[in-house]
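Colleague: One structure follows; several queries about it will come next.
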Amino acid sequence: MSLSISLTVNGVARDIPVDDPRVTLLDLLRERLDLTGTKKGCDRGQCGACTVLVDGRRINSCLALALSCDGAHVHTIEGVAQGDVLHPVQAAFIAHDALQCGFCTPGQIMSAIGLLREGQAGDDPERVREGMSGTLCRCGAYAGITDAVLDAQQALGETGREQAA
Amino acid sequence: MKIFDYVRPATIVEAVAAAAEPGAAYLAGGTNLLDLMKGGITQPRRLVDVDHLPGLEAIEQLADGGVWIGARVRNADLAHDAAFARRFPAVAEALLSGASAQLRNAATVGGNLLQRTRCADFYDVASACNKRQPGAGCEARGGDTRLHAVLGWTESCIATNPSDFCVPLVALDAVVEIAGKTIGGKVGHRDVPLESFHHLPGDTPERESVLEPGELIVAMRLPAEAAGFSAHARYLKVRERTSYAFAVVSTAAALRIESGTITEARIALGGVALKPWRARAAEAMLVGAAPDDAAVRRTAEAALADARPSGDNAFKIELARRIVTRALSLAAVGTPDRVPALPASPFAPVP
C-alpha cells in the first residue's frame, strides 16, 4: 500500500509517505522523521511520555494513527525553543529542577504548553496537578513540575499563553 | 498489530457502506481502539476513519430546548463548553473526571459510548473471556474480582462498563442518534435511549450494544427537561488514585427541589455493571421528600437493593451506597459554580 500524508511539523510543511497503515504518529516522528525527542514509554496511552500538540492540542501520539493526522499541524519538543533561547516552560523546568532522569520531560513540557494554551488551570496548584496528571514521572519530580508550570504561566502572561506553542 | 485496510470516507453514506463488511471497525479518536489493537484484543480487517466526517463536530441548541452533540465532539470541548456545562454540570464534571487531559482532547462523544470494558481478563488474550471469544468461559470468575460487577452480571461475564460520561447521561435520559442501512440512496436513522443502548451480559456478553454491523453513532441528544436539574446535580467517583483512574464506583445524582421538597430525582451508577445503571426505583422514593439524611440513606439502600458480589467485591456494594448518599447530599446543597479542581472527587475540599 502506498499512501502519503501532509503534515506541518514544527512549522515546516512536509509530504510524508506512509507505507504501513499501522504507523502511529509517535513512530512516524521517531522512526521516519528522526524526531526522537518525543519519547515512547508505554505505547498504550497510559504514561504521557509521547505527548505532542496536534493542531495546538496536547494528545498522546502513541494512540493516533499517522494516516488519520493528514493535514495536521504537529508541534514537538524539538520545535519549542527559538534557536538557543529556551521556551519559558523549558526554562522554568530547569529553574525548578523539575526532572531527574529526564525521560518524561519532553512529554511533561508539551503537556504543560498544552495546559497553558487551554487556560483552564489558572494559578491554582490543584488544577495544575490535575491538568498534568496525564504524564507520569516515575522519578517523582511532581512538586517541581507544578511550580515550573505555575511560574511559566506567569512569565508568559495572557497573550503569551495563546502563542505558547 | 495485524495489518488492516485504511479508508477515509467523505460522507456518512460512504462510511456506513464501507463499514458494512465483516471485520470493519470505525476509527474516531482512537484512544481505546488503538490500545485494543496493539494488544491483539481486537483485530479489525478494515478501519473506517470517521474522524474527518463533516457535520458531526457541533454542539447545537435545539428549538425544543434540548441540545444536540455531534459524535465527533471531543470530550474536552464538550466539558469546557460554557453553555453546556452550565445546563448540564454533572455531565461536565463526569467528563473532566475521566482519563487525562491528553485523552480527553482526542476521545470523542461517540467513542466514549463504545468503550470496551477494562476487565483485566478481557485485555489478557491468554485468559478465557466469553466477551472476546464466545463460549470460551470467564477466567475473571474466581480470580481478582475486586473491581468487577455487583449488578446485572451473569456467570458468563462479570465485567463493568468503564465510562464516566454515560452515567449522568443515562440519568438525564440521553438519546443516541444512529445512522445505518442505506435505503434508496438515503441513510437510515434511528434513535435509541442511552438506557437501552448497552446490553447486560446475559448469555451473550459479546453483544455489547444495540449497534448492528455498519451502524454509526452520529450524535447524542439531551432533552430540555435534563437542564431542569442544573441547580442540584453532581457526579462523584471513587477511584484508586484521585486523578487519571477508572471508577471503582461512581454515581450521578440530580434533583429538582421546590420549597425544600424534592419534586424529581435522577440517580445512576457507574463501575457496578456492564452498563451505566439507572436506579429508577430509588429515584421514585425521593419524590415528595425533603433531602434530609434519612431520606437520602433510604434511597441509597434502595439503589443497591439488587446488588450481589460477583467475587471478592462485596465492599463495592457498601461503597456504592455511601457514594450515592454523598452525591445526593451534595446535589441537595447545590451545584458548585465551577467544576471543582479535583472533578468528582469525594475527597475534594470544595463541595
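Colleague: Taking the stretch A:6-49 on its own, how many of its residues are away from chain B (no Cβ under 14 Å), assigned to a loop (DSSP other than H, G, I, E, B) and small (Gly, Ala, Ser)?
Modeller: Counting residues in the stretch A:6-49 that are away from chain B (no Cβ under 14 Å), assigned to a loop (DSSP other than H, G, I, E, B) and small (Gly, Ala, Ser) gives 2.
Colleague: Oh, and also: For residues that are in contact with a helix residue (DSSP H, G or I) (Cβ under 9 Å, 6 or more places away or on another chain) and in a helix (DSSP H, G or I), tally how many sit in the stretch B:285-297.
Modeller: The total comes to 6.
Colleague: Next question, about the same structure. Quick test for you: out of B:ALA149, B:ALA171, pick the one residue that is at pLDDT 95 or above, closer than 14 Å to B:LEU274 by Cβ and crowded, with 18+ Cβ neighbours inside 10 Å. Let's see the steps before the verdict.
Modeller: On the way: B:ALA171 fails: closer than 14 Å to B:LEU274 by Cβ.
Within the list B:ALA149, B:ALA171, the selection yields B:ALA149.
Colleague: Which ones in the stretch B:104-116 are surrounded by fewer than 24 Cβ atoms within 10 Å (Cβ to Cβ) and in contact with a strand residue (DSSP E or B) (Cβ under 9 Å, 6 or more places away or on another chain)? First the steps, then the outcome.
Modeller: Here is the first cut: in the stretch B:104-116, the ones surrounded by fewer than 24 Cβ atoms within 10 Å (Cβ to Cβ) are B:113-116.
Once the filter is applied, which keeps residues that are surrounded by fewer than 24 Cβ atoms within 10 Å (Cβ to Cβ) and in contact with a strand residue (DSSP E or B) (Cβ under 9 Å, 6 or more places away or on another chain), the stretch B:104-116 yields B:LEU113, B:LEU114.
Colleague: Within the stretch B:73-94, is even one residue among the β-branched types (Val, Ile, Thr), within 14 Å of chain A (Cβ to nearest Cβ) and in contact with a strand residue (DSSP E or B) (Cβ under 8 Å, 6 or more places away or on another chain)?
Modeller: From the stretch B:73-94, those among the β-branched types (Val, Ile, Thr) are B:73, B:91; that's our starting set.
Those still in the list that are within 14 Å of chain A (Cβ to nearest Cβ) too: B:73.
Pick out the ones that are also in contact with a strand residue (DSSP E or B) (Cβ under 8 Å, 6 or more places away or on another chain) and you get B:73.
Scanning the stretch B:73-94, I find at least one residue that is among the β-branched types (Val, Ile, Thr), within 14 Å of chain A (Cβ to nearest Cβ) and in contact with a strand residue (DSSP E or B) (Cβ under 8 Å, 6 or more places away or on another chain), so the answer is yes.
Colleague: Go through the stretch B:298-333 and report how many residues are basic (Lys, Arg), within 13 Å of B:VAL248 (Cα to Cα) and touching a helix residue (DSSP H, G or I) at 6+ places or on another chain (Cβ under 9 Å). Steps first, please.
Modeller: Step one: of the stretch B:298-333, the residues basic (Lys, Arg) are B:298, B:308, B:316, B:321-322, B:326.
Filter once more, so that each one left must be within 13 Å of B:VAL248 (Cα to Cα): B:316, B:321-322.
After this cut, where a residue has to be touching a helix residue (DSSP H, G or I) at 6+ places or on another chain (Cβ under 9 Å) as well, the list is B:321-322.
Within the stretch B:298-333, residues that are basic (Lys, Arg), within 13 Å of B:VAL248 (Cα to Cα) and touching a helix residue (DSSP H, G or I) at 6+ places or on another chain (Cβ under 9 Å) number 2.
Colleague: Right, something else. Report yes if some residue within the stretch B:54-76 is in contact with a helix residue (DSSP H, G or I) (Cβ under 7 Å, 6 or more places away or on another chain), under 17 Å from B:CYS166 (Cβ atoms) and part of a loop (DSSP other than H, G, I, E, B); otherwise report no.
Modeller: yes
Colleague: Here are the criteria: (1) crowded, with 24+ Cβ neighbours inside 10 Å; (2) within 14 Å of chain B (Cβ to nearest Cβ); (3) of a type in the set (A, V, I, L, M). Tell me which single one A:ALA98 does not satisfy.
Modeller: (2)
Colleague: Continuing with this model, one more query. Can you tell me how many residues within the stretch B:208-220 are of a type outside the set (Gly, Ala, Ser) and surrounded by fewer than 20 Cβ atoms within 10 Å (Cβ to Cβ)? Don't jump to the end; show me each part of the working.
Modeller: Taking the stretch B:208-220 first, the residues of a type outside the set (Gly, Ala, Ser) are B:208, B:210-213, B:215-218, B:220.
Those left that are additionally surrounded by fewer than 20 Cβ atoms within 10 Å (Cβ to Cβ): B:210-213.
Result for the stretch B:208-220: 4.
Listed here are the residues, each with its yes/no results for (1) touching a helix residue (DSSP H, G or I) at 6+ places or on another chain (Cβ under 7 Å); (2) farther than 23 Å from A:LEU150 by Cα; (3) touching a residue at least 40 places away in the same chain (Cβ under 8 Å).
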residue	(1), (2), (3)
A:LEU3	yes, yes, yes
A:ASN10	yes, yes, yes
A:GLU31	no, yes, no
A:ALA91	no, no, yes
A:HIS96	yes, no, yes
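Colleague: Let me ask something else. Going by what's in this entry, would B:VAL125 be described as more than 26 Å from B:PHE229 (Cβ to Cβ), touching a strand residue (DSSP E or B) at 6+ places or on another chain (Cβ under 8 Å) and either assigned to a strand (DSSP E or B) or touching a residue at least 40 places away in the same chain (Cβ under 8 Å) (or both)? First the steps, then the outcome.
Modeller: On the way: more than 26 Å from B:PHE229 (Cβ to Cβ): yes; touching a strand residue (DSSP E or B) at 6+ places or on another chain (Cβ under 8 Å): no; either assigned to a strand (DSSP E or B) or touching a residue at least 40 places away in the same chain (Cβ under 8 Å) (or both): yes.
No: the conditions fail for B:VAL125.
Colleague: Tell me the residue from A:LEU156, A:LEU115 that is touching a residue at least 40 places away in the same chain (Cβ under 8 Å), of a type outside the set (Lys, Arg), farther than 30 Å from B:PHE246 by Cα and touching a helix residue (DSSP H, G or I) at 6+ places or on another chain (Cβ under 7 Å), please. Before the answer, list the steps.
Modeller: Details: A:LEU115 fails: farther than 30 Å from B:PHE246 by Cα.
After applying the criteria, what remains is A:LEU156.
Colleague: Any residue at all in the stretch B:260-279 that is buried (at least 16 other Cβ atoms within 10 Å of the Cβ) and either assigned to a helix (DSSP H, G or I) or touching a His at 6+ places or on another chain (Cβ under 6 Å) (or both)?
Modeller: yes
Colleague: Take the stretch B:33-52 and flag every residue that is assigned to a loop (DSSP other than H, G, I, E, B) and either within 12 Å of chain A (Cβ to nearest Cβ) or touching a helix residue (DSSP H, G or I) at 6+ places or on another chain (Cβ under 6 Å) (or both).
Modeller: Our first condition is that a residue be assigned to a loop (DSSP other than H, G, I, E, B); within the stretch B:33-52, this holds for B:39-45, B:50-52.
B:GLY39, B:ILE41, B:THR42, B:GLN43, B:PRO44, B:ARG45, B:VAL50, B:ASP51, B:HIS52 - these are the residues of the stretch B:33-52 that are assigned to a loop (DSSP other than H, G, I, E, B) and either within 12 Å of chain A (Cβ to nearest Cβ) or touching a helix residue (DSSP H, G or I) at 6+ places or on another chain (Cβ under 6 Å) (or both).
Colleague: Any residue at all in the stretch A:109-122 that's assigned by TED's automatic domain parsing to the domain that holds A:ALA143, at negative phi and at pLDDT below 95? So that I can check it myself, show each step before the final result.
Modeller: Quick first cut of the stretch A:109-122, residues assigned by TED's automatic domain parsing to the domain that holds A:ALA143 only: A:109-122.
Keeping just the survivors that are at negative phi gives A:109-118, A:120-121.
Checking the rest, the ones that are also at pLDDT below 95 come to A:120-121.
Checked against the condition, which is being assigned by TED's automatic domain parsing to the domain that holds A:ALA143, at negative phi and at pLDDT below 95, the stretch A:109-122 yields at least one hit.
Colleague: While we're looking at this one, here's another question. Regarding B:ILE257, is this residue buried (at least 20 other Cβ atoms within 10 Å of the Cβ), assigned to a strand (DSSP E or B) and out of contact with any Phe, Trp or Tyr (no Cβ under 7 Å at 6 or more places or on another chain)? Let's see the steps before the verdict.
Modeller: Details: buried (at least 20 other Cβ atoms within 10 Å of the Cβ): no; assigned to a strand (DSSP E or B): yes; out of contact with any Phe, Trp or Tyr (no Cβ under 7 Å at 6 or more places or on another chain): yes.
For B:ILE257, the condition - buried (at least 20 other Cβ atoms within 10 Å of the Cβ), assigned to a strand (DSSP E or B) and out of contact with any Phe, Trp or Tyr (no Cβ under 7 Å at 6 or more places or on another chain) - is not met.
Colleague: Now, a different point. How about the stretch A:50-77: which of its residues are more than 7 Å from every other protein chain (Cβ to nearest Cβ), under 18 Å from A:ALA112 (Cβ atoms) and in a strand (DSSP E or B)?
Modeller: Passing the criteria: A:VAL52, A:LEU53, A:VAL54, A:VAL74, A:HIS75.
The values are calculated or read from the model by the stated rules, or taken from the named source; none is laboratory data. This structure is a prediction, so every number in the text was calculated from the model and none was measured. When we count neighbours, we look across all protein chains shown, and the Cβ atoms used for this are built from the backbone with ideal geometry, even at glycine.
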